[in-house]
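Have a look at the structure below before the remarks.
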Amino acid sequence: MSLFTCTSPVDNSCYASRPFASDADVSAAISAARAAQREWRAQPIAVRAKFCSAFVDAMLAMQEEIVPELAWQMGRPVRYGAGELRGFEERARYMIDIAGSALANVVPAEKQGFERYVTRDPLGVVLTVAPWNYPFLTAVNSVVPALMAGNAVILKHAAQTLVVGERFQAAIDKAGLPSGLFRNLALSHDQTGRLIGSRSVDMVCFTGSVGAGKVMEGAAAGAFINVGLELGGKDPAYVRADANLDFAVENLVDGAFFNSGQSCCGIERIYVHESLFDAFVEGFVALTRTYVLGDPLDAATTLGPMVKASAADFVRGQIGDAVKAGAKAHIDPAAFPRDAAGTPYMAPQVLTGVTHAMSVMRDESFGPVVGIMKVADDAEAIRLMNDSPYGLSASIWSEDTDAAHRIAPELETGTVFLNRCDYLDPALAWTGVKDTGRGATLGTLGYEHLTRPKSHHFRLETKG
């Protein structure tokens, strides 16, 4: 029997395993979803909101069990585990609250003798393919708004966080949503591809790597279904000469190393004005050295293991190649006793003397390393920030709001931050450009991708 298996980064043990759903299970789930969705779409938005709010309540009630489960499954230190559920709640409640206005009919100017309006109709069945790095946050981006829009949802979670998918199912069931409307399935890659290609679902919401995103698009080719893709990034920060230095250091260190750097919108490249460069690097390195690398189940740990030893060794390879090419590594891994090659436990690293010829400044690292470069002015910073195949988010650190307004339009990215990074505001569209993907989640625009417009053009009189 083929198994869906989570190998824990904590100690390399098998934390959980489940059999893959059979093809008969998948077929039955789709049939049940179609039947449930036909009734669900007819429910008023206020009724859907009541059920979805109960789902959020049920999930939050499991926090004590969820926090250590996250540590075991993907290495997040327990001291930060509750933060993901706070973000889950913030996004879910916001999307529930705005559903009435976001899904309201679009009514053009009155035209005598006619009634005209556009409805936002649900797509049908939405397949959410969720990753392991923020397993609740990434899934909720589509699950709750899809349900609020009148769709049914099939959730295929990553093997690394397979228990998270089960938590979603348990919370849905406790909230009393109609049977079959939501189903968590353990699917193989082949099953997922066939599900998409067969047009059994009406939309795919995928978060993951560029390579996997191409597979998703390939599976959907010719099926004429919507595919939303969020495929990672190499997110830059620019520290201008007028930045609040201490504030920028504190927030950018956190933006680079939170979740062991395993965030698609984490900070991977920093460009600092030459007048602040030395002081910035000094402060950045000093704060990085205060991290505690260790067992994520220990409350004292501030930096847990990466998800897999192979992922950590990839980042170690990037660092080694950069140093051989002339970069300077400012952190001695020996100061982090748990760090060891061949394991997922990896010390954070800060590099200077880097160039865009190096993989560490060009390819997504998805780990606890950041390169810092000196720049002379805004123009140089903009050029370097845009020199990437990715475009998820970029941050500007400055006390000059007017300057930020001038720079922002020049940046090729889905989100521009000022004095902030590594955060999703549910009131805004979460989107990207270039290899980061296409489509949008969250905010009013997120609902547009989970519905289809239907125009109604009624002539009210036919006499005369």
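The values are calculated or read from the model by the stated rules, or taken from the named source; none is laboratory data. As the structure is a computational prediction, the values presented were derived from the model and not from experiment. Quick reminder, even Gly has a Cβ in these numbers, built from the backbone with ideal geometry, and neighbours come from all protein chains shown.
Details
- Index of the failed condition, Thr301 passing every other in (1) surrounded by 20 or more Cβ atoms within 10 Å (Cβ to Cβ); (2) under 25 Å from Asp377 (Cβ atoms): (2)
- Of the residues making up segment 305-312, one or more are in contact with a Ser or Thr (Cβ under 9 Å, 6 or more places away or on another chain), crowded, with 24+ Cβ neighbours inside 10 Å and part of a helix (DSSP H, G or I).
- Top-ranked residue of segment 53-67 - restricted to ones that are of a type in the set (A, V, I, L, M) and not in a loop (DSSP other than H, G, I, E, B), ranked as nearest to Val78 (Cα to Cα): Val67
- Candidates Ile319, Ile331: the one that is in the same structural domain as Phe258 (by TED's automatic domain parsing), part of a loop (DSSP other than H, G, I, E, B) and under 20 Å from Lys374 (Cα atoms) is Ile331.
- Segments classed as helices (runs of 4 or more DSSP H), wholly inside segment 376-464, with at least 2 members that are under 23 Å from Gly213 (Cα atoms): 443-448
- Of all residues in segment 313-350 being buried (at least 19 other Cβ atoms within 10 Å of the Cβ) and of a type in the set (A, V, I, L, M), the one that is nearest to the chain's Cα centre (by Cα): Val315
- Extreme residue, farthest from Tyr345 (Cα to Cα), among residues of segment 81-110 that are in contact with a Ser or Thr (Cβ under 8 Å, 6 or more places away or on another chain) and part of a helix (DSSP H, G or I): Ser101
- Residue check, Glu274 of a type in the set (Asp, Glu) and more than 19 Å from the chain's Cα centre (by Cα): yes
- Leading residue by the ranking (surrounded by the fewest Cβ atoms within 10 Å (Cβ to Cβ)) among those in segment 173-189 that are in a helix (DSSP H, G or I) and either modelled with pLDDT of 95 or more or hydroxyl-bearing (Ser, Thr, Tyr) (or both): Asp173
- Within segment 359-381, the residues that satisfy the criterion of being aliphatic (A, V, I, L, M) and touching a residue at least 40 places away in the same chain (Cβ under 8 Å) are Val360, Met361, Val369, Val370, Ile372, Met373, Val375, Ala376, Ala381.
- Residue match in segment 124-132 (condition: in the same structural domain as Ala46 (by TED's automatic domain parsing), assigned to a helix (DSSP H, G or I) and surrounded by 24 or more Cβ atoms within 10 Å (Cβ to Cβ)): no
- Within segment 190-212, the residues that satisfy the criterion of being crowded, with 24+ Cβ neighbours inside 10 Å and either outside the structural domain of Pro145 (by TED's automatic domain parsing) or part of a helix (DSSP H, G or I) (or both) are Leu195, Ile196.
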